[in-house]
Amino acid sequence: MKLVCSKSNLLKSVNIVLKAIPGKTTMPILECILIDASTNNIKFTANDMELGIETIVDGTILEKGIVAIDAKIFSDTIRKLPDNDVTIETDGNLTTTITCEKAKFSISGQSGEEFSYLPYVERDNRIVVSQFTLKEVIRQTIFSIAANENNKMMTGELFEVKGNMLRVVSLDGHRISIRKIELKEEYSDIKVVVPGKTLIEISKILSGETEDEVSIFFTKNHIVFEFDDTVVVSRLIEGEYFRIDQMLSSDYETKIKINKKEFLDCIDRATLLVREGEKKPIIIEITDNSMELRIDSAMGSMNENIDIDKEGKDILIGFNPRFLIDALKVIDDETISIYLVNPKAPCFIKDDEGKFIYLMDAYEDYEADQKKNCYNPLVYMEKENDQEFDTFCKLLLTSMMSECAKSFERLPILLHADILRNILYSGVWSRYEYLQLRKKKLEEKKTKRKKEDRKK
């Protein structure tokens, strides 16, 4: 094999495929980049068995051939070369000579026959989006995937296509991010879970240009991204994604409109007093047309007021400031709407068009809860407000069932798994609806009796 490429083209292609080189592996061949010049194109390929990337390199083939070279050595060598044309040549023993001006390197190569090629994937079921759109939707959701693999499903993102709408969802057990993208065409229904690692690496490669497109192909086990001269193939995460719609509620007791930048800057200033790793909530007190933010830590305290437009009740609530910052940073709107139910329930940040929804858990262990001495929150809530009590119970049940579902999906259950899923995702909620209906009927009977007693 003998080929000639410019250093810039080589470096660009190497940087693309390096995203699929595993950090640790027991298979040395996976630590290699495959240089394939056996056809009319020069292709670089890397594959860690979960994520595979192939890209075409602009260059001239003088002699056809194929070789696998250690990715780190090859990458480091190319980076150190002068900015000029590079010649790559292999001999019969697969020794690869890299020459640029007066620099000459000899590297031991391996047979391309041992390399694990990208799997063949049918190109039937697909959607097309701009590179800008895909890059943005990843940026706007990827921060709320789970960092560890205790629950595999949470390390990925849901890609759901219905008609001309793409919905991307991520969650980590404490927050949910939802983005909706309108597509140019109508497509068949698709529902898959894409590994977060794949999306992070894809985002680094995409140009982000509006006019450049990405074709995304879906199969039962794989997803394929095709753009420019690059193909990315990734395994999907198997299993049914969480029933997000059951975790969302349109009910609220308080709604505020606030300047996003002012709100973000205020929270950012408050975090100056919080050491890294320290779990200190930011306390938010909402009254008529004013929001007070305060934080107390071992380093000091801070409070600040922001003007708001408020509908509904006053509320005192606490949040993890990092969660708020992560969500606010990816929202482009100048003014945002925040919906709150009570100090124990999650809050929602969403737009009127339904293009995005961000849900965050309220921070339960802050001073206001202790002052109320609410050892049994159910009793307390019922005494305070019967209507609010029902809302709280529904949200609490939603949260509990989410945790149950997370724990269940970690278990290697094969026997009666479908029955158990039916109980978790359907049976409990059917029972809940039945109890709510029964409660309503009992209340109607009580009301009817009172009216009859009055007549007597």
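The values are calculated or read from the model by the stated rules, or taken from the named source; none is laboratory data. Computed from a predicted structure; not experimentally measured. Here Cβ is always computed from backbone atoms with ideal geometry, including for glycine, and neighbour counts include all displayed protein chains.
Given the criterion among the basic types (Lys, Arg) and without any contact (Cβ under 8 Å) to a residue 60 or more places away in the chain, identify the matching residue among 24, 19, 2, 7. Talk me through it step by step, then tell me what you get.
Values: 19 fails: without any contact (Cβ under 8 Å) to a residue 60 or more places away in the chain; 2 fails: without any contact (Cβ under 8 Å) to a residue 60 or more places away in the chain; 7 fails: without any contact (Cβ under 8 Å) to a residue 60 or more places away in the chain.
Going through 24, 19, 2, 7 in turn, the sole match is 24.
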Inset, instruction - Only one of these is loosely packed, with under 10 Cβ neighbours inside 10 Å, among the charged types (D, E, K, R) and out of contact with any strand residue (DSSP E or B) (no Cβ under 6 Å at 6 or more places or on another chain): 455, 439. Name it. - result: 455
Legend entry - residue 217 surrounded by fewer than 19 Cβ atoms within 10 Å (Cβ to Cβ), over 30 Å from residue 312 (Cα atoms) and of a type in the set (Phe, Trp, Tyr): yes
Legend entry - Selection within the stretch 258-287 - more than 26 Å from the chain's Cα centre (by Cα) and either closer than 16 Å to residue 342 by Cα or at pLDDT 95 or above (or both): 283, 284, 285, 286, 287
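Select from the stretch 36-57 the residues that are of a type in the set (Ser, Thr, Tyr) and either touching a Pro at 6+ places or on another chain (Cβ under 9 Å) or within 19 Å of residue 23 (Cα to Cα) (or both) and list them in ascending order.
Pass one, the stretch 36-57, residues of a type in the set (Ser, Thr, Tyr): 38-39, 45, 55.
If the condition is that a residue be of a type in the set (Ser, Thr, Tyr) and either touching a Pro at 6+ places or on another chain (Cβ under 9 Å) or within 19 Å of residue 23 (Cα to Cα) (or both), then 45 is the only one that fits.
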Inset, instruction - Output the number of the condition that residue 195 fails; it satisfies all remaining conditions of (1) modelled with pLDDT under 95; (2) farther than 17 Å from residue 126 by Cα. - result: (1)
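Kindly indicate whether residue 224 is of a type outside the set (D, E, K, R) and not assigned by TED's automatic domain parsing to the domain that holds residue 340.
Details: of a type outside the set (D, E, K, R): yes; not assigned by TED's automatic domain parsing to the domain that holds residue 340: yes.
Yes.
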Inset, instruction - Test residue 202 against the criterion of being at pLDDT 95 or above and within 25 Å of residue 139 (Cβ to Cβ), and give yes or no. - result: yes
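Matching residues to (1) among the hydroxyl-bearing types (Ser, Thr, Tyr); (2) within 40 Å of the chain's Cα centre (by Cα):
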| residue | (1), (2) |
| --- | --- |
| 86 | no, yes |
| 106 | yes, no |
| 112 | no, yes |
| 117 | yes, yes |
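Residues 70, 85: which one is acidic (Asp, Glu), without any contact (Cβ under 8 Å) to a residue 60 or more places away in the chain and at negative phi? Lay out the reasoning, then the answer.
Numbers: 85 fails: without any contact (Cβ under 8 Å) to a residue 60 or more places away in the chain.
Exactly one of 70, 85 is acidic (Asp, Glu), without any contact (Cβ under 8 Å) to a residue 60 or more places away in the chain and at negative phi, namely 70.
Kindly establish whether residue 92 is surrounded by fewer than 13 Cβ atoms within 10 Å (Cβ to Cβ) and modelled with pLDDT under 95.
On the way: surrounded by fewer than 13 Cβ atoms within 10 Å (Cβ to Cβ): yes; modelled with pLDDT under 95: yes.
Criteria met by residue 92.
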Legend entry - For residue 31: the one exception among (1) charged (D, E, K, R); (2) modelled with pLDDT of 95 or more; (3) closer than 26 Å to residue 234 by Cβ: (2)
Legend entry - Scan of the stretch 232-259 for residues that are surrounded by fewer than 18 Cβ atoms within 10 Å (Cβ to Cβ) and farther than 30 Å from residue 123 by Cβ, ordered by number: 243, 245, 246, 247, 248, 249, 250, 251, 255, 257, 259
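Going through 189, 172 one at a time, which residue ends up being among the acidic types (Asp, Glu) and more than 16 Å from the chain's Cα centre (by Cα)?
On the way: 172 fails: more than 16 Å from the chain's Cα centre (by Cα).
189 is the lone residue from the list that is among the acidic types (Asp, Glu) and more than 16 Å from the chain's Cα centre (by Cα).
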Inset, instruction - Scan the stretch 141-173 for residues that are touching a residue at least 12 places away in the same chain (Cβ under 8 Å), polar (S, T, N, Q) and closer than 29 Å to residue 45 by Cα and jot them down. - result: 141, 155
Inset, instruction - Could you grab me the full set of residues in the stretch 414-428 that are at pLDDT below 75 and over 15 Å from residue 239 (Cα atoms)? - result: 415, 416
Inset, instruction - Check residue 5 against each of (1) closer than 18 Å to residue 230 by Cα; (2) loosely packed, with under 15 Cβ neighbours inside 10 Å and name the one condition it does not meet. - result: (2)
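Determine, yes or no, whether residue 137 is part of a strand (DSSP E or B) and not small (Gly, Ala, Ser).
Values: part of a strand (DSSP E or B): no; not small (Gly, Ala, Ser): yes.
Against the criterion (part of a strand (DSSP E or B) and not small (Gly, Ala, Ser)), residue 137 does not qualify.
Mind checking which residues of the stretch 140-150 are in contact with a Lys or Arg (Cβ under 7 Å, 6 or more places away or on another chain) and either part of a strand (DSSP E or B) or crowded, with 19+ Cβ neighbours inside 10 Å (or both)? Show your work before the answer.
Here is the first cut: in the stretch 140-150, the residues in contact with a Lys or Arg (Cβ under 7 Å, 6 or more places away or on another chain) are 140-141, 144, 150.
140, 141, 144 - these are the residues of the stretch 140-150 that are in contact with a Lys or Arg (Cβ under 7 Å, 6 or more places away or on another chain) and either part of a strand (DSSP E or B) or crowded, with 19+ Cβ neighbours inside 10 Å (or both).
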Inset, instruction - Please list, ordered by first then second residue, the pairs with beta carbon atoms under 7 Å, 6 or more apart or interchain, first in the stretch 194-208 and in the same structural domain as residue 159 (by TED's automatic domain parsing) and within 24 Å of residue 171 (Cβ to Cβ), second part of a loop (DSSP other than H, G, I, E, B) and among the aliphatic types (A, V, I, L, M). - result: 194/236; 195/237; 196/145
Inset, instruction - Please find, among 141, 155, the residue that is touching an Asp or Glu at 6+ places or on another chain (Cβ under 7 Å), of a type in the set (Val, Ile, Thr) and within 26 Å of residue 352 (Cα to Cα). - result: 141
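Taking the condition out of contact with any Asp or Glu (no Cβ under 6 Å at 6 or more places or on another chain), surrounded by 14 or more Cβ atoms within 10 Å (Cβ to Cβ), free of Cβ contacts under 8 Å to residues at least 24 places away in the same chain and farther than 22 Å from residue 251 by Cα, does residue 265 pass? Give the derivation first.
Details: out of contact with any Asp or Glu (no Cβ under 6 Å at 6 or more places or on another chain): yes; surrounded by 14 or more Cβ atoms within 10 Å (Cβ to Cβ): yes; free of Cβ contacts under 8 Å to residues at least 24 places away in the same chain: yes; farther than 22 Å from residue 251 by Cα: yes.
When the stated conditions are applied, residue 265 passes them.
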